[in-house]
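Visitor: Below is the structure I would like to discuss, written out as structure tokens.
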There are 2 protein chains.
Amino acid sequence: MVAIWLALWSLNGPLEHWQTNVKPAVKSTWRLQSDIVRCILRHKELGKRRTLRASELLYNQGDESRHFYFVESGLIEVSIIKIDGTEVVLELMGAGTICGEGAAFDKLPRFSRAAATVPSVVIEFATGDLMNAFREDGEFAMTLLEVACLKQRILASRLEHMTYREPASRLMELFERLAEVDPSSEMTVSLTHEQIASMTGTSRVTVTRTLQKLREEGKIGFDGGKLILRREDD
Amino acid sequence: MVAIWLALWSLNGPLEHWQTNVKPAVKSTWRLQSDIVRCILRHKELGKRRTLRASELLYNQGDESRHFYFVESGLIEVSIIKIDGTEVVLELMGAGTICGEGAAFDKLPRFSRAAATVPSVVIEFATGDLMNAFREDGEFAMTLLEVACLKQRILASRLEHMTYREPASRLMELFERLAEVDPSSEMTVSLTHEQIASMTGTSRVTVTRTLQKLREEGKIGFDGGKLILRREDD
DNA sequence: ATGGGGCTGTATCGCAGGATACGGTGGTTG
DNA sequence: CAACCACCGTATCCTGCGATACAGCCCCAT
């Protein structure tokens, strides 16, 4: 049994009082292990600190850039704008995560955009400055590889679950992934049905419908605004 | 206008004679730039060569392993077996590509399986042996990062297109990606409708139907067994 | 020569999810 | 306090995909 705080705006009833308190908290869909963070911070003097206002763009899809970012505080939404104008939310990167390394290292235009959703502080690294650091600290290269490969894993897993047509499977994948971000502590995630729809490739209406159905089937439960996953391996 | 050789078993007619000749050729959905390949081959004495029989398993989903592989010749199918038993084909990795680095570097169990579809030769590297090489040759670390990030890009792109519900968009994404593997030369890709279905998350019947429709709409064409993409940017 | 297996082509049926619309509720802004 | 906005809940309609079944074709093994 895993509990994740899903601050949905209103779940079959009026807003609970605490929800308005929770909203401004930082809610990320990602976290890195502390040893990875420590290894990266060992080299923070290679980068330079940047502060972002709410809704400020960090980088845009199509840009050419060799920069990547360590998020020190705040929340960065990474997404892809499709040709038809709709948005696919890839991740909400919170403090202690890395973003933008994909296009920085493969030297091709950005395949996603990143924008701060709340005032944020990031450390900007340039790939060209890393070669010396790699020579002195091979661990650093290993750590960056580890991060890149972790993202591969998440993307592959999401891809796998996208081949299921039933929205229920897609939503459960999202919730289980959120629960894995930090299974020990209770973290809060604030998503609208619209955002869930955009992350799972369904429609807003279907998210509402599916959440109802999942609750009726007992696969998820709501306690106040807290979403509870019921898993086989209890 | 881009042409890719898609050796479909039979396209509205009897098998063309040349198709039976083409079949044994190596048909991969991936290729790396030659400078990347050269950089990796500089360190090939770190790895050891392994030969695989047809349908031999290289690694299995769930395994714990710090090994990754450079494909010297042959063809490796990388796929995920879903809980319901169905298979999602991620890639067909041909000569000059890398596979298995995802789980090798992030130190978690394999999220995919890899099996040779034809007799193949791979070079097996262990991540633990790389630290020294990274110190001597920072470029090596950069190149591995580039490969890992390229895969991120492909996976993100596939994820993006999976959010489209129409099978037509999903198929076109696959074809365009295949065409990009090597736009200059004409490469052959041999896929059954079943495999296409498994790569795009639709059913076999729908693939057949959609191919018909795309041809009627003029978005693709067939010349013998060669599939021709008609793009806007002609 | 013959039968079996793998693949494509096609038809039918049922149903789930997208599109759309509208109402309700709470928060926000001035 | 009032008007507006963002979000959730729900109903209706309809398209289009999945499941299933079957036929035809080619290749290959025996």
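Visitor: At least 1 residues that are within 15 Å of DNA strand D (Cβ to nearest atom) in each: list the helices (runs of 4 or more DSSP H) lying fully within the stretch A:94-202 that qualify.
Guide: Passing ranges, in order: A:138-162, A:167-181, A:193-200.
Visitor: Continuing with the same structure: Across the stretch A:200-218, what is the number of residues that are under 21 Å from the mean Cα position of the chain (by Cα) and under 11 Å from A:Arg170 (Cβ atoms)?
Guide: Result for the stretch A:200-218: 4.
Visitor: Does A:Leu150 qualify as being closer than 19 Å to B:Ser157 by Cα and facing chain B (nearest Cβ under 7 Å)?
Guide: Yes; evaluated as a whole, the condition is true for this residue.
Visitor: Continuing with this model, one more query. Looking at B:Ile80, B:Ile98, which one is within 20 Å of B:Cys149 (Cα to Cα), buried (at least 23 other Cβ atoms within 10 Å of the Cβ) and either among the polar types (S, T, N, Q) or under 14 Å from the mean Cα position of the chain (by Cα) (or both)?
Guide: B:Ile98
Visitor: Kindly provide the set of residues from the stretch B:68-85 that are farther than 21 Å from B:Arg53 by Cβ and more than 10 Å from every other protein chain (Cβ to nearest Cβ), ordered by number.
Guide: If the condition is that a residue be farther than 21 Å from B:Arg53 by Cβ and more than 10 Å from every other protein chain (Cβ to nearest Cβ), then B:Gly85 is the only one that fits.
Visitor: Right, next: Out of the stretch B:86-113, which residues are at positive phi and within 13 Å of another protein chain (Cβ to nearest Cβ)?
Guide: The answer is B:Gly100, B:Lys107.
Visitor: Now for a separate question. For A:His161, which of the numbered conditions (1) more than 30 Å from B:Asn132 (Cα to Cα); (2) within 10 Å of chain B (Cβ to nearest Cβ); (3) surrounded by 18 or more Cβ atoms within 10 Å (Cβ to Cβ); (4) touching a strand residue (DSSP E or B) at 6+ places or on another chain (Cβ under 9 Å) fails to hold?
Guide: (4)
Visitor: Testing A:Ile123 on (1) within 12 Å of chain B (Cβ to nearest Cβ); (2) buried (at least 16 other Cβ atoms within 10 Å of the Cβ); (3) more than 16 Å from the chain's Cα centre (by Cα), one condition comes back false. Which one is that?
Guide: (1)
Visitor: For the stretch A:83-95, which residues satisfy the criterion of being more than 10 Å from the chain's Cα centre (by Cα), small (Gly, Ala, Ser) and surrounded by 15 or more Cβ atoms within 10 Å (Cβ to Cβ)?
Guide: A:Ala95
Visitor: Please go through the stretch A:188-212 and give me each residue that is more than 9 Å from DNA strand C (Cβ to nearest atom) and among the small types (Gly, Ala, Ser), ordered by number.
Guide: A:Ser190, A:Ser198, listed by residue number.
Every number here is computed from the coordinates shown, using simple stated rules; none is lab data. Note that the structure is predicted; figures quoted are calculated from it, not measured. All Cβ positions, even for glycine, are placed from backbone atoms using ideal geometry, and neighbour counts span all protein chains on display.
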